[in-house]
Amino acid sequence: MLEVIIIGTVTSGLFQGDAVVLKQTDPAAQVLQCTSGLGTVSSVYSTVILEITSL
């Protein structure tokens, strides 16, 4: 499984100043094939959770 977590702050718009956490989870089979030099990744289907929290 490949998991990416991005943490930041909204810089403009309706939620300006609020905290943001984006968590993306992908099955790793195709990603491992690409990173090991055995091929390319044609597409990745992910589960994404976006959380915006007012401070």
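The values are calculated or read from the model by the stated rules, or taken from the named source; none is laboratory data. Just so it is clear, the structure is predicted and the values come from calculations on it, not from any experiment. These accessible areas exclude ligands, DNA and RNA; they are computed on the full protein's heavy atoms, side chains included. Shrake-Rupley method; radii C 1.70, N 1.55, O 1.52, S 1.80 Å.
Would you compute, from DSSP H runs of 4+ residues alone, the mean residue ellipticity of the chain at 222 nm, taking -39500 (n - 2.57) per run and dividing by the full residue count, rounded to the nearest 500?
Values: 1 runs with 7 residues, N = 55.
Value at 222 nm, helices only: -3000 deg cm²/dmol.
On a 1.4 Å probe surface of the protein chains, which of ILE52, ILE5 comes out largest in accessible area, and what is the full order?
Values: ILE52 70, ILE5 95 Å².
The most accessible residue leads, giving ILE5, ILE52.
Step through the residues of the stretch 4-15 one at a time and calculate ³J(HN,Hα) from phi using the Karplus curve (6.51 cos²θ - 1.76 cosθ + 1.60, θ = phi - 60°), rounding each to whole Hz and writing x for Gly and Pro.
Running phi through 6.51 cos²θ - 1.76 cosθ + 1.60 with θ = phi - 60° gives 10, 10, 10, 10, x, 10, 5, 9, 7, x, 4, 9 Hz.
Can you send over the carbon and sulfur percentage of the accessible area for the chain, probe radius 1.4 Å, protein chains only? Could the numbers behind the result be given before it?
Details: 2630 of 4280 Å².
It is 61 percent, rounded to a whole number.
Expressed in nm to one decimal, what extension gain is obtained for the pair GLN24 and VAL48 from 0.36 nm per residue of sequence separation less their Cα-Cα distance?
Result: 8.2 nm gained on full extension.
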